[in-house]
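Worksheet: the structure to be examined is printed underneath.
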Amino acid sequence: MITDVILIMVSCVLFIQMGLADAIQSLLKVKFRILSCVKCSTFWFSLIYLLVNKTSLLLSVSTSFIASYVALWAALIYDTLARKYNNIYEQITSTEGADSHAESSGQNDTKKAGRDEVRKMQKK
């Protein structure tokens, strides 16, 4: 039971954080508040799952609330990792652009190739 609720929570977090919920809602041109909120979707999907599997009402509700609270923290961790990934990706791509620009113009010092030069190179 706990494993199933954890899988539901992770699925809800990834479904919303990766943008699938927004894509489906924009395609259908309908806004569902439950599908836009990590806590709401985790709570309701967990509750429905537990009640369908004939778990007691008290255990179902309390487990769903705990899962929705943990989902909030999981979403925060996901956002933090996504931000770090974006920063690293930006550094890698700007470094590669500066290296290729320095090689093509005969410069050996890649530190001199600033962001403006990289942007100019990308526009060409």
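Computed from the coordinates by the stated procedures, all read-outs in this text should not be read as laboratory data. If you're wondering where the values come from, they're calculated on a predicted model, not measured in any experiment. We place every Cβ from the backbone using ideal geometry, glycine too, and count neighbours over all the protein chains shown.
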- Task: Return the loop-located trypsin sites (Lys or Arg not before Pro) in region 1-85 (DSSP other than H, G, I, E, B) with at most 15 other Cβ atoms within 10 Å of their own Cβ; answer none if there are none.
- Result: Lys29, Lys31, Lys54
- Residue-count net charge about Gln25 - beta-carbon cut-off 13 Å; Lys, Arg +1, Asp, Glu -1: +2
